[in-house]
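First the structure, in the form of structure tokens, and then the observations on it.
What follows is calculated from the coordinates using simple rules that are stated; it is not laboratory data. Given the structure is predicted, the values throughout are model-derived calculations rather than measurements. Note that we place each Cβ from the backbone using ideal geometry, even for glycine, and neighbour counts take in every protein chain shown.
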């Protein structure tokens, strides 16, 4: 997702510059490889300013995960798929929207929190928890539409709105990994297309069954 498409919450200029630098640098090279010196250079702020706002790189990463959630939440809240009356169309529209924003360099459309949690899930619990909160909160916004679609279309199944919402995020995060491995969005786009077909199949009349 291009940084230019996201709405940034207002805050102290130096702090915001550091957070935006974290979003860019960590998506480009990962959390471990990103140094405080590089983050300060990218943000064009003094190192003293960094430690005025953050105790260290871990604290910046936790704040960056929260900042990512705030900015992406506003971005997705303004997306056109919310205009659909049928909640199933909103779910499919969400998937189409995720496909449409797979543009530019790989680091521009991949997920900050997905990138970080792959590296630090065991070594930095605070970052892991911040990443989990971000991913789970985003999944919850899709879960509401899935639940409404299940009710409207009479879907009774062993799977739940929550499990399908989390599955969408698993597919997207996996698609980002494949895009990084191949240096191209093409494989991610194909994965998102498969996700759309899968959701369509779940909601077909012959897929409706008693739990």
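Quick look at the values:
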item	result
Residues that are part of a loop (DSSP other than H, G, I, E, B) and farther than 17 Å from residue 91 by Cβ, drawn from region 157-181	158
Those residues of region 38-69 which are surrounded by fewer than 16 Cβ atoms within 10 Å (Cβ to Cβ) and under 18 Å from the mean Cα position of the chain (by Cα), in sequence order	66
Test: residue in region 67-74 that is closer than 14 Å to residue 124 by Cβ and assigned to a helix (DSSP H, G or I)	no
Qualifying positions in region 152-197 - free of Cβ contacts under 8 Å to residues at least 12 places away in the same chain and more than 19 Å from the chain's Cα centre (by Cα)	160, 182, 197
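Let's see how each residue does on (1) assigned to a helix (DSSP H, G or I); (2) free of Cβ contacts under 8 Å to residues at least 12 places away in the same chain; (3) under 19 Å from residue 125 (Cα atoms):
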residue	(1), (2), (3)
17	yes, no, no
20	yes, no, no
27	yes, no, no
39	yes, no, no
45	no, no, no
48	yes, yes, no
63	yes, no, yes
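Results for (1) on the phi > 0 side of the Ramachandran plot; (2) touching a helix residue (DSSP H, G or I) at 6+ places or on another chain (Cβ under 8 Å); (3) exposed (fewer than 14 other Cβ atoms within 10 Å of the Cβ), shown as yes or no for each residue.
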residue: 97; (1), (2), (3): no, yes, no
residue: 105; (1), (2), (3): no, no, yes
residue: 111; (1), (2), (3): no, yes, no
residue: 120; (1), (2), (3): no, yes, no
residue: 159; (1), (2), (3): no, yes, yes
residue: 175; (1), (2), (3): no, yes, no
